[in-house]
Amino acid sequence: MSIPTEPIGSIPRSAELQAAAAGHAAGRISPEALQDLHDAAVRDTVKRLEELGSPVVTDGEQSKPSFATYPLAGLALDPDGAVIPFADGHTRQLPRLTAAPFRYGVRSGSYLAAAQRHATVPVKQAVIAASALSLLYPQDGIDGYDRDSFLADLVDEAEADIRSALDGGAHRVQIDFTEGRLALKLDPSGGVLDSFIDLNNRVLARFDDAERARIGVHTCPGGDQDSTHSADIDYALLLPRLFTLDAGAFFLQLASEADPDRVLRIVGEHARDGQQIFVGVTDPIDPVVETPQQVRDRVLRAAEHLGTERLGTTDDCGFAPFGDDTSTSRETAFAKVRARLEGTALAAAALGV
């Protein structure tokens, strides 16, 4: 396939795996038994993605509690951190850091290695953005551990997390930056967004050009229980700032946008030379599975604005970024992946590339 295509990351967990995770939390299932189920879920996810013909696979985040909180094992935390409201009225809440130092308990390289044991094609690895984890620091501070010291530790840890996957042979490391539009909802002046961009660029500055070419950034307005947290924020307010991130690739939610041509024009105006653009061509929140022809037409529209040399395709968001999300079935997720793969191939043929 001459137009590259990659998944975002998460695939819905099976009912068995979700029950096992709940059982482990309640002390009814041992860590070893849960790990066996995680391994089986990763193996099945990789196998099914490969059977669909996916040229790049992920572990489906089968063993992560969520895309955001996987590094937090062993930290001193209280559950009453920042609250993220979604459009349908439900919320997610981050924990709050209560003591120094800030250290990752798990690095993404371990997830990568688990997937590579089962994969025969390249594996990409999703990581959480430093900007999202910066929300763990409490507004009233921590005695003996000021915010600057926390951010310095956070940048070190985020670098080490990305490097563990790069050094492990990841095809690409994808930084999940879903809080970009949310930042503009929290602070319409753009100050919070600018601070997020600056923090993430502090991390990216730790890598050389060849490494940054293998690092991508994903953005979407959130996706949980078939709802979003910031789709009401104009994409045009985020995109010009987004492309100041020093990454080699961008994975952009687009299929669910009401006016994709407007978004593509903005992308074409602001994406920098050498930045590869993967446009979302399936909408994980929509229960209707796209046809390959619908995907083809979305790719052709993107090619009109961006050309074909830097164009790729992806899904708008992960299908289940939080481990307990049951709003989308595994079968629907794989059907949408199939549509993305087949539709991208149809577009490539139509474009003669």
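Things to note:
- Qualifying residue in the stretch 82-97 (condition: within 22 Å of residue 166 (Cα to Cα), charged (D, E, K, R) and part of a loop (DSSP other than H, G, I, E, B)): no
- Top-ranked residue of the stretch 219-260 - restricted to ones that are under 23 Å from residue 292 (Cα atoms) and not in a loop (DSSP other than H, G, I, E, B), ranked as most open to solvent (accessible area, probe 1.4 Å): 260
- Residue 133 out of contact with any strand residue (DSSP E or B) (no Cβ under 7 Å at 6 or more places or on another chain), at pLDDT 95 or above, crowded, with 21+ Cβ neighbours inside 10 Å and among the aliphatic types (A, V, I, L, M): yes
- Among (1) β-branched (Val, Ile, Thr); (2) over 16 Å from the mean Cα position of the chain (by Cα); (3) within 20 Å of residue 132 (Cβ to Cβ); (4) assigned to a helix (DSSP H, G or I), the one test that residue 263 misses: (3)
- Yes/no for residue 278 being free of Cβ contacts under 8 Å to residues at least 60 places away in the same chain, open to solvent by less than 10 Å² (accessible area, probe 1.4 Å) and not in a loop (DSSP other than H, G, I, E, B): no
- When 101, 12 are checked against the criterion of being open to solvent by 30 Å² or more (accessible area, probe 1.4 Å), in a loop (DSSP other than H, G, I, E, B) and out of contact with any Pro (no Cβ under 9 Å at 6 or more places or on another chain), 101 stands alone in meeting it.
- Of all the residues in the stretch 304-335, those that are within 21 Å of residue 249 (Cβ to Cβ) and basic (Lys, Arg) number 1.
The values are calculated or read from the model by the stated rules, or taken from the named source; none is laboratory data. This structure is a prediction, so every number in the text was calculated from the model and none was measured. Note that we place each Cβ from the backbone using ideal geometry, even for glycine, and neighbour counts take in every protein chain shown. Calculation scope for accessible area: heavy atoms of the full protein, side chains included, ligands and nucleic acids excluded. Shrake-Rupley method; radii C 1.70, N 1.55, O 1.52, S 1.80 Å.
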